[in-house]
């Protein structure tokens, strides 16, 4: 496809994430006695050349001499570089194929490792301009072609002069040699590419900063993969979510801002402006007031199981999808429950305390095995069911109670009422959600129904237990052992933890760490960003807490229109009428509703104009409308 412009792209740290010579150093100097010193010197020389502090010819000669590579090293380098292509370039393969005649890769690097990488993207071999090595009969590099303009100072400038491209020229790169093309008057614009490295002195000279190829394509209306550059999508992550989440979202191209702590309502009201995606854990309260300030918010992710810290009703009314991680920390919570069960049945807490005081008490009084005991699970969801299986494998008899009809696993027995369960079990473990109706689910009345000497564990939500009633029953011996990981009020790390349960016998208190294992946090860090990306990239709402769940195919040779509306009759017909009026054929359509909203995905097979978008946005009861290219 012909353009009236030519696009010149640098290779090192632009087309690829790294400088090729840095990676070549890892290969060619692998067993060299001065490897580390040479690698550092090569990096220093590279930066001096990129910043324009030494001449390019000088930089190139010094680095080649230090590297001393051979053909085998260069072949290895080419293979490794294929895995180092910049993420936004990989997202936009179609762009390179579509505009192949007008795309040039011009580099001060070398054909032998550049060509195998960029030709895989459809770039024409004749449009790749780079240096060439000279080899001896054994395949060792003994120099380079010094007649090639790209081996000399201002080589890219000279190469562009010789090309004499008949149209506008746009340059994308990260170094001084890329800027020189614009400075010499041979390019209309220089775009400083900062996805991999940001050089301040180069950024200052640029006409535009492009944090990704998506941004360049968007500015020049050349989009083929995404309709909106992801570097313009602001993601705000609070409460120290796992680094893997940050890495995944940055790799996808999003602009990511992180904070280690929760923000107050007022702070979040200020921060939420222009944020498209919000990631939180359990302490951040996303209230109606916060959501009123959220002018661009598309999705909220709870990097935990619970979502009661989010005003779901208001978020849904505003067309904001909510995701959580209902399975990712299940195993961690279950293992803590099992450990605490055993600790409490054996009275390990009291024994350990005495040992720290120098008291040796080897008595078995009040110490029991869990085998043969009856475990009562209140709440039989993801955690309750997994705990059921593990407990049964250790010889416990499992009973459970849930307000919903749940299929029992193994030999677990369903109780018809909470009272029935409380009266027969030796150990009680709570695994209910944080809905308001569960407040004081276990109070004085329920403790009276329990067996004397019961072991009581709450790893669910703090407000589901009447703490004063629990304290009373510990003190009078009705509850022989207690473990709590959640509390009605949970302080931050700088505040003192205040509770009536402090100092009570055989009582384990932990600071809401049921899901705080490295494995669980990494699982959550992988899971929630995946849901964000599915929603933004394809419109899929699988596992959404508040949206109708749709799993959608990847968009292929079509345009995808996403319409969120109040669940009233006739919206689908109106959408289709608008498309029919503009003679637009529908190639795929998906509709799902819940009590509050309807969610329509429409794939169309031809380009649309602004009138179509305006009419779809203007349909009565529309909440949000967006386009996937």
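The values are calculated or read from the model by the stated rules, or taken from the named source; none is laboratory data. In this text the structure is predicted, and so the values were computed from the model without any measurement. Ideal geometry is used to build each Cβ from the backbone, glycine not excepted, and the neighbour counts take in all protein chains shown.
Would you mention how many residues in the stretch 332-374 are in contact with a strand residue (DSSP E or B) (Cβ under 8 Å, 6 or more places away or on another chain) and assigned to a loop (DSSP other than H, G, I, E, B)? If you could, list the steps in order and put the result at the bottom.
Let us first name the residues in the stretch 332-374 that are in contact with a strand residue (DSSP E or B) (Cβ under 8 Å, 6 or more places away or on another chain), namely 337, 340-341, 343-345, 347, 349, 366, 370, 372-374.
Of the ones still in play, those that are also assigned to a loop (DSSP other than H, G, I, E, B) are 347, 366, 370, 372-373.
Of the residues in that region, 5 qualify.
Which residues, taken from the stretch 457-481, are assigned to a strand (DSSP E or B) and within 21 Å of residue 331 (Cα to Cα)?
Start the filter on the stretch 457-481 by keeping residues that are assigned to a strand (DSSP E or B), which leaves 457-458, 465, 479-481.
Listed by number, the residues that qualify are 457, 458.
Just give me the residues in the stretch 530-562 being closer than 13 Å to residue 323 by Cα and without any contact (Cβ under 8 Å) to a residue 24 or more places away in the chain, in sequence order.
534, 540, 542, listed by residue number.
Looking at the stretch 92-119, which of the residues that are in a helix (DSSP H, G or I) and out of contact with any helix residue (DSSP H, G or I) (no Cβ under 7 Å at 6 or more places or on another chain) is surrounded by the most Cβ atoms within 10 Å (Cβ to Cβ)? I'd like the intermediate steps shown before the answer.
Residues of the stretch 92-119 that are in a helix (DSSP H, G or I), as a first pass: 93-98, 100-102, 111-119.
Imposing the further condition that a residue be out of contact with any helix residue (DSSP H, G or I) (no Cβ under 7 Å at 6 or more places or on another chain) reduces the set to 94, 97-98, 100-102, 111.
On the way: 94: 14, 97: 14, 98: 16, 100: 14, 101: 12, 102: 20, 111: 18.
Only one residue fits best here, namely 102.
From the list 434, 384, exactly one residue is closer than 25 Å to residue 470 by Cβ and in a helix (DSSP H, G or I). Which is it? Before you say what the answer is, go through the steps one by one.
On the way: 434 fails: in a helix (DSSP H, G or I).
Just one listed residue meets the conditions, 384.
Filter the stretch 302-331 for residues that are closer than 16 Å to residue 458 by Cβ and in a helix (DSSP H, G or I) and give the result.
none
Against the definition (crowded, with 20+ Cβ neighbours inside 10 Å, in contact (Cβ under 8 Å) with a residue 24 or more places away in the chain and in contact with a strand residue (DSSP E or B) (Cβ under 8 Å, 6 or more places away or on another chain)), how does residue 135 come out, yes or no?
Numbers: crowded, with 20+ Cβ neighbours inside 10 Å: no; in contact (Cβ under 8 Å) with a residue 24 or more places away in the chain: yes; in contact with a strand residue (DSSP E or B) (Cβ under 8 Å, 6 or more places away or on another chain): yes.
The answer is no for residue 135.
Within the stretch 282-301, which residues are in contact (Cβ under 8 Å) with a residue 40 or more places away in the chain and either touching a helix residue (DSSP H, G or I) at 6+ places or on another chain (Cβ under 9 Å) or in a strand (DSSP E or B) (or both)? It would help to see each step written out before you state the result.
First, pick out the residues of the stretch 282-301 that are in contact (Cβ under 8 Å) with a residue 40 or more places away in the chain: 282-284, 296, 298-299, 301.
Scanning the stretch 282-301 gives 284, 298, 299, 301.
Taking residue 260 as meeting all but one of (1) within 30 Å of residue 562 (Cα to Cα); (2) surrounded by fewer than 19 Cβ atoms within 10 Å (Cβ to Cβ); (3) in the same structural domain as residue 298 (by TED's automatic domain parsing), write down the number of the exception.
So residue 260 meets the others, but not (1).
Between 571, 597, 601, which is over 28 Å from the mean Cα position of the chain (by Cα), closer than 28 Å to residue 322 by Cβ and in contact (Cβ under 8 Å) with a residue 40 or more places away in the chain? Quick ask: steps written out before the conclusion?
Numbers: 597 fails: over 28 Å from the mean Cα position of the chain (by Cα); 601 fails: over 28 Å from the mean Cα position of the chain (by Cα).
Residue meeting the stated conditions: 571.
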